[in-house]
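Okay, handing you the structure first.
The values are calculated or read from the model by the stated rules, or taken from the named source; none is laboratory data. Computed from a prediction, not measured in an experiment: that's the story for all the values here. In this analysis, Cβ positions are derived from the backbone assuming ideal geometry, glycine residues included, and neighbour counts consider all displayed protein chains. Just so you know, the surface numbers come from the protein's heavy atoms only, side chains and all, with ligands and any DNA or RNA stripped out. Shrake-Rupley method; radii C 1.70, N 1.55, O 1.52, S 1.80 Å.
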Amino acid sequence: DVACGTGDLAFRANAAVPHARVTGVDASPGMIALARARAVTPGAPTFTLGDMAHLDLPAASVDAITAGYAFRNAPDHRVALREAARVLRPGGVIVTLDFYRPESDAWRALLLGYLRIAGSATGWWWHREPVAYGYIAPSIEAFVSWRGFDADLAAAGFDVRYVRTWLLGGIAMHAAVRR
């Protein structure tokens, strides 16, 4: 699980496939510390500090990659996708869930306007820091549409097999197979 944060997806993957070896990678030492603190049972996922654009793994050594709200936050999501393709074995699967830049100008203005207000308010309410969630709208505005992400997956060496969108393309889940 790349950009694993506190490990939610890694723990779910571990529960879904109990005999798999699940590893979470995140660039934040604080997030990794929180994830490791949760991994107290035998067979729990392992967590390591790392950069999703430069994984410390051999080529073609991974069966599956999960990424929840990860590629949008990478400095260059295309570089991170190429790295995912490098470490996945041919036939390996990548599943991502993220926010995407809506294609409709009107819907984009409404959604991002709402997220600017709601994100800042939620950040203030929960953490007394508006920036805690206030970054979400600008990060979406600077990202690609879900169709653009399809094209980026294909360019990185993946065949997209499944896409599901929500919020008129503002959120999408992609499942793709490494060629």
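Right, D159: assigned to a helix (DSSP H, G or I), over 14 Å from the mean Cα position of the chain (by Cα), touching a residue at least 12 places away in the same chain (Cβ under 8 Å) and farther than 16 Å from N73 by Cα or not?
Against the criterion (assigned to a helix (DSSP H, G or I), over 14 Å from the mean Cα position of the chain (by Cα), touching a residue at least 12 places away in the same chain (Cβ under 8 Å) and farther than 16 Å from N73 by Cα), D159 does not qualify.
Of the numbered conditions (1) part of a helix (DSSP H, G or I); (2) open to solvent by 20 Å² or more (accessible area, probe 1.4 Å), A35 fails exactly one; give the number of that condition.
The number of the failed condition is (2).
Kindly provide the set of residues from the stretch 71-105 that are in contact (Cβ under 8 Å) with a residue 40 or more places away in the chain and within 14 Å of A142 (Cα to Cα), ordered by number.
Across the stretch 71-105, the qualifying residues are F71, R72, N73, A74, H77, R78, D98, F99, Y100, R101, P102, E103.
Next question, about the same structure. Against the definition (under 18 Å from the mean Cα position of the chain (by Cα) and either at pLDDT 95 or above or within 30 Å of P58 (Cβ to Cβ) (or both)), how does R178 come out, yes or no?
It is true that R178 is under 18 Å from the mean Cα position of the chain (by Cα) and either at pLDDT 95 or above or within 30 Å of P58 (Cβ to Cβ) (or both).
Which pairs have Cβ atoms under 6 Å, sit 6 or more apart or on different chains, and link a residue in the stretch 53-67 that is of a type in the set (D, E) to one that is surrounded by 16 or more Cβ atoms within 10 Å (Cβ to Cβ)?
Going by the 6 Å Cβ cut-off, the qualifying pairs are D56/G50; D63/G92.
Residue by residue, here is whether (1) among the aliphatic types (A, V, I, L, M); (2) open to solvent by less than 40 Å² (accessible area, probe 1.4 Å); (3) part of a strand (DSSP E or B); (4) under 27 Å from Y133 (Cβ atoms) holds:
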{"residue": "F11", "(1), (2), (3), (4)": "no, no, no, yes"}
{"residue": "A15", "(1), (2), (3), (4)": "yes, no, no, no"}
{"residue": "V40", "(1), (2), (3), (4)": "yes, no, no, no"}
{"residue": "F47", "(1), (2), (3), (4)": "no, yes, yes, yes"}
{"residue": "A59", "(1), (2), (3), (4)": "yes, no, no, no"}
{"residue": "D63", "(1), (2), (3), (4)": "no, no, yes, no"}
{"residue": "A67", "(1), (2), (3), (4)": "yes, yes, yes, yes"}
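Hey, D150 hits all of (1) open to solvent by 20 Å² or more (accessible area, probe 1.4 Å); (2) more than 28 Å from D56 (Cα to Cα); (3) part of a helix (DSSP H, G or I) but one; which does it fall short on?
The failed condition is (2).
What pairs come out if I take residues in the stretch 138-149 that are of a type outside the set (G, A, S) and pair them with residues that are part of a helix (DSSP H, G or I) whose C-beta lies under 6 Å away, six or more apart or interchain?
From the stretch 138-149, the pairs are E141/L112; F143/R72; W146/G169.
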